[in-house]
1. May I ask you to verify whether Glu309 is surrounded by 20 or more Cβ atoms within 10 Å (Cβ to Cβ) and either of a type in the set (Asp, Glu) or modelled with pLDDT under 90 (or both)?
2. With the requirement that a residue be closer than 10 Å to Arg14 by Cα and in contact with a Pro (Cβ under 6 Å, 6 or more places away or on another chain), what does segment 169-191 give you?
3. Across segment 75-89, which residue is surrounded by the most Cβ atoms within 10 Å (Cβ to Cβ) among those that are part of a helix (DSSP H, G or I) and in contact with a strand residue (DSSP E or B) (Cβ under 6 Å, 6 or more places away or on another chain)?
4. Test Ala250 against the stated conditions and say whether it is modelled with pLDDT under 90, hydrophobic (A, V, I, L, M, F, W, C), under 23 Å from Asn213 (Cβ atoms) and surrounded by fewer than 20 Cβ atoms within 10 Å (Cβ to Cβ).
5. With the structure loaded, tell me whether Val62 is within 15 Å of the chain's Cα centre (by Cα), closer than 14 Å to Gly190 by Cβ and assigned by TED's automatic domain parsing to the domain that holds Tyr212 or whether it fails that test.
6. Being buried (at least 16 other Cβ atoms within 10 Å of the Cβ), of a type in the set (Lys, Arg) and either over 28 Å from the mean Cα position of the chain (by Cα) or part of a helix (DSSP H, G or I) (or both) is the filter here; which residues of segment 9-57 pass it?
7. Aliphatic (A, V, I, L, M), farther than 20 Å from Arg344 by Cα and assigned to a loop (DSSP other than H, G, I, E, B), is that true of Ala206?
8. Would you say Gly182 is assigned by TED's automatic domain parsing to the domain that holds Ile105, within 20 Å of the chain's Cα centre (by Cα) and at pLDDT below 95?
Amino acid sequence: MSLIEARLNQAWLRKGPLAMALLPLAWLMGAVVACRRQGYRMGWLASRKMPVPVVVVGNRIVGGAGKTPTTIALLAHLKACGWRPGVLTRGYKAQLPQGQQGLLIDVNSASRLTARQCGDEPLLIWRRTGVPIMVNRDRASGGLALLQAHPDINILVCDDGLQHLRLQRDVEVIVFDGRGAGNGWLLPAGPLREPIHTPPTPGLCAPPLVLYNAPQASTTLPGHLALSAMAPLRLLDDWWVGGLANSATASLANSADGVWAVAGIAHPQRFFDALRSQGLRITPVALPDHAEMADIPWPEHAREVIVTEKDAVKLDPDRLARERPGCRVWVAALDFHPQASFWRELDSALEKLPNRHQPG
């Protein structure tokens, strides 16, 4: 995170001098957001209806609030209920092949793709779920292409598309973390992409579901909590092939050389704090969110390294064997479990779908 980003993130937590100086720009942002929503509501701006139901997972606050863990948990739930989901995502920082507007990630293509080509989060979602994914900035066009490639899909989940109103949706899931709405102001005076009490998007089959990736609700919106904890560590080689967890915490805690912890996520300090809470003595390496890992970011003498799943997708085990021989890399996954009440409300919303396809 750059110095400017860090200063803005601090400013967004309170209504201090910097936030107040940016308030006129926030008013302009509010006018743009309102006009844009009105344009879609009145039909002045075109939106696209998919032939299958669409669930959008997004947030109203910038930065990582837990959208990707929510999407992964949601996909597991849908599959357990008999649905055949597909995923739409823009693939932040994805460098699509020249001339291509979209990129399909599925069992036939995933082994040939890199996080640089399709984005780290889409590749992570595929590794965790095996669900076909379409990377396309235009989710509506991407949705039609995904359905053409996989006509068995009977529900689409859009990862991070709450403000992408060109894609019509049936269900919205709005995710907040412990920051809540920050100082309550819109960008750039605050962290909000849209007002906290934005009216529901037209066409929803039920009110938006609110999920708090936090110990308690962080806004006045009624919602559900998600319990999260660090899962047992896995060696990178095992994680890449879906192997079982290894019991490593105790041995790492006693490591004479210490442990390096690397995180290229929105809030790396949370990751470091979670590792320290398990008794690990770590040397933290905080990288920019979505860091590409073009160069190995820890020193050659490091022997034990822990990374996030989001970073693990960019670390090919064969490459590490060549560039960091003798170094063991561990992957810290996140166990993310929304409350049962969240699943009940979601299932109730799905039962009301006008274009509902029977799962199974």
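1. Values: surrounded by 20 or more Cβ atoms within 10 Å (Cβ to Cβ): yes; either of a type in the set (Asp, Glu) or modelled with pLDDT under 90 (or both): yes.
Yes: the conditions hold for Glu309.
2. Residue satisfying the conditions is Gly182 alone.
3. Leu75
4. When the stated conditions are applied, Ala250 does not pass them.
5. Values: within 15 Å of the chain's Cα centre (by Cα): yes; closer than 14 Å to Gly190 by Cβ: yes; assigned by TED's automatic domain parsing to the domain that holds Tyr212: yes.
Criteria met by Val62.
6. Arg37
7. No.
8. So Gly182 fits the description; yes.
The values are calculated or read from the model by the stated rules, or taken from the named source; none is laboratory data. On a predicted model such as this, the values are computed, not experimentally measured, just so you know. Glycine also receives a Cβ, built like all others from the backbone with ideal geometry; neighbour counts cover every protein chain displayed.
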